[in-house]
1. Tyr135 to Phe85: extension gain in nm, 0.36 nm per residue of separation minus the Cα-Cα distance?
2. Which loop GluC sites (Glu not before Pro) in the stretch 143-215, with loop taken from DSSP, have no more than 15 other Cβ atoms within 10 angstrom of their Cβ?
3. State the extension gain, in nm to one decimal, for the chain segment bounded by Ile174 and Tyr94, taking 0.36 nm per residue of separation less the distance between their alpha-carbons.
4. With labels modelled as points extended 7 Å from the Cα through the Cβ direction, what inter-label distance (nm, one decimal) is found for Lys163 paired with Leu121?
5. Rounded to the nearest 0.05, what FRET efficiency is calculated for His185 and Asp70 with R0 set to 45 Å and r the Cβ-Cβ distance?
6. Checking the table Lys200/Lys240; Lys80/Lys146; Lys87/Lys169; Lys76/Lys237 against a 31 Å threshold on Cα-Cα, which pairs fail?
7. Report the rotationally averaged projected area of the stretch 103-225 based on its alpha-carbon convex hull, in square nanometres.
8. Just reorder Asp159, Asp140, Asp119 by solvent-accessible area, largest first, 1.4 Å probe, all chains present.
Amino acid sequence: MVRLGLMKQIKYNEITPGKKAGKAKTEGLDEINDDEASSSDEEDDNNSAASDSQSVAKGDEEPAPVDTMDCFTEFKYWYKRHWAFYKEQLLTDYVHVAYVLSPDPRVHTDAKENTKVEDRLACERLLVKLFLPGYIENKDVWERKKAAMVDKFLGELQDFQNKNGYFKKMSIWIAAEDPSLQSYHWHQRYSLIFTEWLGKLACIVCSKMTGIGEAEHMWKENKKTRGGQRSRLTPDKTKKQATICSAHSMNKSIARNALSRHHGRLMNDEDFNTMNMGRLDACNFGSQ
């Protein structure tokens, strides 16, 4: 029991993992004889040596002291850790599929040579998510539809990457060299009609808005949801409520625009006030 208490105190007083801790200053250490103290020190040395060997075997390097680094070395030290932390959130299935289905000559060649397992699995997951109906109760029927759809898509993807079948026409790849041509426009013209699944998936994925404007719009919805007494909502709940709020606002706007078109009004006074143009009435024309 005395030896166990000593080891707990040593673990409590150690400064960094893998290094031998300093001598514990506790009441009652005088009661421990020299043999027990020396044996406990040997056990600590063995444990520290084993932990160091395991860390070397795993390839884990101890973090370097940031205070002694210059700016560039500190940047290299931190950006790898930040990228590893946010990688899964940034490289979504849409990113993988857009990379594989890009008609740009440089991206197309790179994707053909460097397509990984994650890219192929992302294509299958997104294909099933967008096009396979989830209301099929029979599991066997659902699996058969999934297998047929994925097999057809992989055949079309192989023709797209190897430029076989309809994709062996040189004219469509000359059009893809235009830097001003959007990827979803290219697929809408050259692959949507001639493929069953690849063109549909490419048009949906490559037309996604990924600029800073879309990010700011989503952050605005996030702040709207977490205002007032809801400032401590968890990220998952905030995401769900922001999605519901955005969908409700979009449906309400569509219904309002449909009603305005039915009455022959495409714009009203609120639209002009939003654009800081003032009311469109006879008074403004008379003042001008």
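The values are calculated or read from the model by the stated rules, or taken from the named source; none is laboratory data. Quick caveat: nothing in here was measured; it's all calculated off a predicted structure. Cβ: placed from backbone, ideal geometry, glycine included. Neighbour counts: every protein chain shown. Only protein heavy atoms, including side chains, enter the accessible area calculation; ligands, DNA and RNA are left aside. Shrake-Rupley method; radii C 1.70, N 1.55, O 1.52, S 1.80 Å.
1. Details: separation 50, 0.36 × 50 = 18.00 nm, distance 3.59 nm.
Fully extending the segment from Tyr135 to Phe85 adds 14.4 nm.
2. Numbers: sites: Glu143, Glu156, Glu177, Glu196, Glu214; in loops: Glu177, Glu196.
Loop-located and lightly packed - Glu177, Glu196.
3. Numbers: separation 80, 0.36 × 80 = 28.80 nm, distance 2.56 nm.
Separation in residues times 0.36 nm, less the Cα-Cα distance, equals 26.2 nm.
4. 3.2 nm
5. On the way: r = 47 Å, r/R0 = 1.04.
Taking R0 as 45 Å, the efficiency between His185 and Asp70 is 0.45.
6. Lys80/Lys146; Lys87/Lys169; Lys76/Lys237
7. Working: hull surface 40.5 nm².
Computed as one quarter of the Cα hull surface, the answer is 10.1 nm².
8. On the way: Asp159 60, Asp140 85, Asp119 10 Å².
From most exposed to least exposed: Asp140, Asp159, Asp119.
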